[in-house]
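In what follows, a structure is listed as structure tokens, so that the remarks can point back to it.
The values are calculated or read from the model by the stated rules, or taken from the named source; none is laboratory data. Predicted, not measured: the structure shown is a model, and the values here were computed from it. Note: ideal-geometry Cβ built from the backbone for every residue, glycine included; neighbour counts use all protein chains shown.
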Amino acid sequence: MNPGVVRSALFVPATRPERIPKALASGADRVIVDLEDAVEESLKEQARDNLEQFLREQPEARVLVRVNAAEHWAHEADLATCQRWPGVIGILLPKAETVAQITRAYATGKAVWPIIESAKGLAALAELAAARGVDRLSFGSLDLGLDMGLRTGSEAADLVLGHARYAVLLHSRVAGLAAPLDGVYPAIQDIQGLQRHTQFARDMGFGGALCIHPAQVQIIHDALKPSAQELDWARRVLAMAQTSTGVFILDGQMVDAPVILRARVTVQQAG
């Protein structure tokens, strides 16, 4: 688990606790044990028990937990479980819509990752991003599309979701948060689609993506890396910056402080 950079956050259902160690060994920067969408209503309590048993048996493990939404009957019990265990390092808060919801989650002492996946959440973005306890925002494109009545896969839906991503990115920046994470790509077998989807989010300024299968982790990491040409350019910029004072010219283009900063970020993205 990478302590500083979050390119990937992998969901694993709490109903399958045997998969949690595999998820932790997948190379994902964060692992999210899911008590919400991946768990049937009748299995909510069992899922929570599974999480506690895993944390008891693996005290060195560090995971995030997606709790059930604030209006759900299991929400308070989920938060109480998260508060009890030091192995829980953060809470994914689904359908985040009010500062009060974030405040309640943060009362556990855990960092909060609100998921923006409803019209109300999108409309309240400025307040949510600025709320105390928020570490970063994540984007729930599938649920947001459903909530707003978008026709999945249509050009019109992609246009609306693009505007929503821009809003998530904008308010993350304004609030000084870490780069947000894009939503899951549900077609597990579609490697090229996931690559394009991740590169699109990267080019928008997202730091990475949520994912639902270990096979998606490395694809996401590779898609976030700059191309060989971009990396070569960045290294040459930084090399010239070592011996130049002020503005200089490289490949016929002016290089000043913002360009040098972009080159540094490009090298960092390459690892």
Sole exception among (1) touching a residue at least 60 places away in the same chain (Cβ under 8 Å); (2) part of a helix (DSSP H, G or I) for residue 261, by number: (1)
Condition broken by residue 167, with the remaining ones in (1) at pLDDT 90 or above; (2) over 30 Å from residue 38 (Cα atoms); (3) of a type outside the set (Phe, Trp, Tyr); (4) touching a helix residue (DSSP H, G or I) at 6+ places or on another chain (Cβ under 6 Å) satisfied: (2)
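Which residue, of 21, 17, 59, 86, is modelled with pLDDT of 95 or more and crowded, with 17+ Cβ neighbours inside 10 Å? Break it down stepwise before answering.
On the way: 21 fails: crowded, with 17+ Cβ neighbours inside 10 Å; 59 fails: crowded, with 17+ Cβ neighbours inside 10 Å; 86 fails: crowded, with 17+ Cβ neighbours inside 10 Å.
Result: 17 is the single residue among 21, 17, 59, 86 that is modelled with pLDDT of 95 or more and crowded, with 17+ Cβ neighbours inside 10 Å.
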Residue, farthest from residue 14 (Cα to Cα), within segment 92-134, restricted to residues that are among the β-branched types (Val, Ile, Thr) and touching a Leu at 6+ places or on another chain (Cβ under 7 Å): 99
Selected residue (only one of 49, 78 is assigned to a helix (DSSP H, G or I), touching an Asp or Glu at 6+ places or on another chain (Cβ under 9 Å) and of a type in the set (D, E, K, R)): 78
Number of positions in segment 188-209 that are among the acidic types (Asp, Glu) and closer than 19 Å to residue 163 by Cβ: 1
Residues of segment 23-46 that turn out to be assigned to a loop (DSSP other than H, G, I, E, B) and in contact (Cβ under 8 Å) with a residue 40 or more places away in the chain, as a count: 7
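Of everything in segment 229-266, what is within 27 Å of residue 31 (Cα to Cα) and either surrounded by fewer than 16 Cβ atoms within 10 Å (Cβ to Cβ) or of a type in the set (Phe, Trp, Tyr) (or both)? Give them in sequence order.
The answer is 265, and nothing else.
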Failed criterion for residue 126 (all others in (1) surrounded by 14 or more Cβ atoms within 10 Å (Cβ to Cβ); (2) in contact (Cβ under 8 Å) with a residue 40 or more places away in the chain hold): (1)
Leading residue by the ranking (nearest to residue 7 (Cα to Cα)) among those in segment 21-55 that are of a type in the set (S, T, N, Q) and out of contact with any helix residue (DSSP H, G or I) (no Cβ under 8 Å at 6 or more places or on another chain): 46
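Suppose the filter is under 16 Å from the mean Cα position of the chain (by Cα) and on the phi < 0 side of the Ramachandran plot; does residue 8 pass it?
Details: under 16 Å from the mean Cα position of the chain (by Cα): yes; on the phi < 0 side of the Ramachandran plot: yes.
Yes: the conditions hold for residue 8.
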Residue match in segment 202-224 (condition: within 22 Å of residue 135 (Cα to Cα) and of a type in the set (S, T, N, Q)): no
Subset tally (residues that are touching a helix residue (DSSP H, G or I) at 6+ places or on another chain (Cβ under 7 Å), in a loop (DSSP other than H, G, I, E, B) and within 19 Å of residue 102 (Cα to Cα)) for segment 56-75: 5
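If we keep just the residues of segment 184-228 that are among the charged types (D, E, K, R) and either in a helix (DSSP H, G or I) or out of contact with any helix residue (DSSP H, G or I) (no Cβ under 7 Å at 6 or more places or on another chain) (or both), which is surrounded by the most Cβ atoms within 10 Å (Cβ to Cβ)?
Filtering segment 184-228 for residues among the charged types (D, E, K, R) gives 190, 196, 202-203, 222, 225.
Now restrict to residues that are either in a helix (DSSP H, G or I) or out of contact with any helix residue (DSSP H, G or I) (no Cβ under 7 Å at 6 or more places or on another chain) (or both): 190, 196, 202-203, 222.
Values: 190: 13, 196: 13, 202: 21, 203: 8, 222: 12.
That would be 202.
I need the full set of residues from segment 129-143 which are of a type outside the set (Lys, Arg) and either under 10 Å from residue 183 (Cα atoms) or touching a residue at least 40 places away in the same chain (Cβ under 8 Å) (or both), in order please. Break it down stepwise before answering.
Step one: of segment 129-143, the residues of a type outside the set (Lys, Arg) are 129-131, 133-135, 137-143.
Result: 129, 130, 134, 135, 137, 138, 139, 140, 141, 142, 143.
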